[in-house]
Amino acid sequence: MDKLKDIKDIVDINSFGLLTNLPFNFFFSILLAISLSVLMIFLIYDFLSKNSKKRFFKTQKELAYESLKNIDYSNTKDIVYKFSQNYLYFIDHKNTKPLQMLELNLYKYKYKKDIDEIDEELKKEIKEFVKGIKC
């Protein structure tokens with residue numbers, strides 16, 4: 001029994017945890033909460049704003065509108081095929097019949113190797129339609 005050692009007293013340990021400096025941690029947590037809430041509000045506003053739409057992919061209708069705006073009117077095949085592919089996105093009850101008639105008039109320029117120059121009246125109708133599109 002002589003070899004047993006005595007139990008030592010309890011020793012204080014300095015801890016650097018969250019509760020050691022309570023007033024500093026309280027204000028730090030409030031500051032952190034305010035800054036996170038301001039950041040969240042900014043991100044939500046940025047996500048919902050109109051400028052953030054530029055980052056997303058364009059719809060088929062927007063792509064068709066760009067294609068119609070960029071038609072090369074000096075190339076007959078370019079006019080006919082681009083218009084035929086993209087006018088369908090912009091049909092409504094007001095312009096259904098005129099566009100169908102325009103499509104029938106353009107049919108004679110399709111599916112041929114050598115084609116004549118497109119009529120100026122048809123070019124004018126296509127240009128008016130493209131100008132009248134509201135995307």
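Descriptive notes on the structure:
- Segment 73-111, residues that are among the basic types (Lys, Arg) and surrounded by 10 or more Cβ atoms within 10 Å (Cβ to Cβ): 77, 82, 108, 110
- Within segment 120-129, being surrounded by 13 or more Cβ atoms within 10 Å (Cβ to Cβ) and within 16 Å of residue 74 (Cα to Cα) holds for 122, 123, 125, 126, 127.
- Subset of segment 13-71 (residues that are modelled with pLDDT under 75 and assigned to a helix (DSSP H, G or I)): 22, 23, 24, 25, 50, 51, 52, 53, 54, 55
The values are calculated or read from the model by the stated rules, or taken from the named source; none is laboratory data. Everything numeric here is computed off the predicted structure, so don't read it as measured data. All Cβ positions, glycine included, derive from the backbone under ideal geometry; neighbour counts span all protein chains shown.
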